[in-house]
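In what follows, a structure is listed as structure tokens, so that the remarks can point back to it.
None of the figures in this text is laboratory data; all of them are computed from the coordinates on show. All of these numbers come straight from a predicted model, not from anything done at the bench. When we count neighbours, we look across all protein chains shown, and the Cβ atoms used for this are built from the backbone with ideal geometry, even at glycine.
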Amino acid sequence: MRDITIILLASTLYIGSVFFVTQGKTFRLDSDYDSNFPIISYVVDTVRNEKRFPFWNPYVTTGISVLGDPLSGVTYLPYLLPMLAFGVPDGWWVVVGLHAFLAGVFMWMWLRKLLGRRLSLPLWGGLIYMGAGALSARVAAGHIEKVLSYPWHPLFLMFILKKGQTLGTAALMGAVMGVVFLTGDVYGLLFMAIFYGAIGVTRAIEGEIRRVRWIQWIREIMLMMSAFLLVGGVKLVPFIFHVWPVMSRYSTFDAARGSIHAFLTWMPLIVPWGVSFYDRPVSQQLFGFWYNWYEYYAFIGLPIVFLFWLPKVIKRRETQLLLLLFFVGILYIARGYPYSVFYWLEKSVPVLSWFRAPQRMYGALTSVVVALIVLCAKRVVHPQQYVFLWAMLLITFVVNAYQMTHAFEIPRRDEESVVREMRRRDAGEITVATFACCTQTFLVRERIRVINYYYGWLPKGAPRFTTADGSEFSLETIRMARPTYIIAPKDMSVGEIGYDEWFEEGEIVVWRESILT
């Protein structure tokens with residue numbers, strides 16, 4: 001109870017400090033928040049104002065199932081309930097604080113299984129995981145679903161690495177995977193499946209290839225699937241019937257783009273800089289950092305030095321399995337290179353091409369790294385030296401709290417004003433194509449359908465509003481789609497396809513069809 005209380009206080013201070021220093025700002029809309037907030041905001045507004053739960057959101061392109069949306073966390077109650085209680089975006093603060101706390105508790109639980117209950121190291125490891133860069137970067141990026149799934153990785157690892165697998169353990173693993181599916185983090189679900197597969201293959205190779213063993217393993221898998229269906233069915237069933245037949249994965253990307261070489265995968269764990277390091281052209285050219293900083297950032301800091309003592313704990317069975325998962329993880333991050341097994345696996349398993357940005361593995365890999373750090377620290381640190389451990393932890397918290405502040409910006413008054421003025425002038429059923437940053441949140445709030453909504457799943461056969469390589473907008477597609485209005489930056493003209501300037505606000509211009517003029 002003492003350790004849980006400390007974790008609760010630490011999570012409150014950690015997230016509370018970020019809340020305090022960002023007063024007067026709001027979550028950045030030039031991030032995935034502008035895709036994710038409108039989804040939950042529509043549900044919250046409908047429940048609050050109309051006293052009903054909406055099963056269909058008509059404002060995302062041609063509409064999407066609320067329950068079956070694979071990328072939404074609406075069916076995940078620890079996300080939905082705080083949002084309903086406190087609204088959007090205020091409820092998100094509560095959700096982040098709750099999941100920071102859960103991350104610390106679940107990692108602490110797992111480490112107590114590994115190390116025993118009488119040491120302070122499980123608490124230290126739980127706090128490292130809670131304060132690690134993988135979580136703060138996801139908050140900064142607006143990757144809501146990855147924040148929601150982050151606490152569940154150590155709990156899943158606790159089950160798959162448990163000595164003496166039982167059918168009950170298999171059911172718990174399936175339930176955890178079902179929970180992660182509800183969060184909307186399909187990447188997290190993939191990484192759990194990869195880790196389970198790696199451990200399963202190891203168990204088979206180690207000599208337990210007997211008929212009875214195979215039968216038990218098959219039973220475990222079937223029970224896992226049953227538990228997964230039981231927990232995740234509320235989302236899986238509408239996905240199969242209402243999303244899969246009519247929607248498709250947005251696929252103008254190179255799935256392996258963003259891969260970094262295996263021998264460079266240590267860098268995100270020790271580099272404390274964000275934009276100033278990962279987004280510099282020289283870093284992008286030298287190390288292959290294709291995406292924004294938050295896709296790579298996973299700073300843990302000084303505790304990494306304990307990994308130099310891995311040879312002292314290599315004989316432990318847990319260490320060997322964790323190292324296996326670590327190497328599987330870094331090979332996934334390097335999936336764009338022929339020496340990675342995932343480079344070849346993608347060619348025979350096409351579904352892997354749905355998952356871009358290989359460095360997103362760091363979210364799941366962080367729990368493995370923290371466990372290895374704590375195992376090594378137990379071997380070399382005496383209780384009298386614990387003060388150094390807490391000093392290291394403090395540095396990790398300060399650095400990552402600072403990076404989390406990049407999730408905030410001055411409220412976007414111009415974008416909000418443009419949308420409100422458009423709705424004031426036209427209160428009817430209208431469609432909009434928006435090419436101006438950070439307007440989707442306000443458009444959906446005003447019940448305006450966005451036909452080119454930026455999202456991971458789009459209607460099958462729907463027009464793509466960018467060229468094939470995704471480098472620029474396609475005016476011909478806009479001409480064919482004929483939205484009622486177009487919102488565009490000042491340097492973009494759509495007059496040649498039959499639209500006239502209507503009004504402007506700041507750097508944003510609203511165009512309307514010429515026939516309405």
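Normalised by the number of residues in the chain, the mean separation of alpha-carbon contacts (under 8 Å, six or more apart) gives a relative contact order of 20 percent. Inter-label distance, LEU230 to TRP244: 2.2 nm, where each label sits 7 Å from its Cα along the C-beta direction.
Quick one: helix 77-86 against the long Cα principal axis of the chain, what's the angle to the nearest 10°, folded into 0 to 90? Relative to the chain, helix 77-86 is tipped by roughly 50 degrees. How high is the FRET efficiency from ARG425 to PHE327, r the C-beta distance, R0 56 Å, rounded to 0.05? Between ARG425 and PHE327 the formula returns 0.40.
The protection proxy used here, the mean number of other Cβ atoms lying within 10 Å of each residue, ranks peptides 415-421, 65-71, 295-301 as follows, highest first: 295-301, 65-71, 415-421. Other residues whose C-beta falls under 11 angstrom from the C-beta of ARG249 contribute a net charge of +2, scoring Lys and Arg +1 and Asp and Glu -1.
If you take all other residues with their beta carbon under 13 Å from the beta carbon of ARG479, and give Lys and Arg +1 and Asp and Glu -1, the sum is -2.
With respect to the chain, whose longest principal axis is taken over its alpha-carbon atoms, helix 362-380 is tilted by about 30°. Modelled this way, with points 7 Å down the Cα-to-C-beta line, the labels at LEU8 and THR26 are 3.3 nm from one another.
The shape of the chain can be summarised by an equivalent ellipsoid whose semi-axes, obtained from the alpha carbon gyration tensor, come to 41, 25, 22 Å from longest to shortest. Taking Cβ separations below 4.7 Å as the criterion for a possible disulfide partner, the isolated cysteines in the chain are CYS376. This ranking places PHE388, PHE408 by how few other beta-carbon atoms lie within 10 Å of each, fewest first, which gives PHE388, PHE408.
Put a dot 7 Å past the Cα of LYS113, heading toward its Cβ, do the same for ASP491, and the two dots end up 5.3 nm apart.
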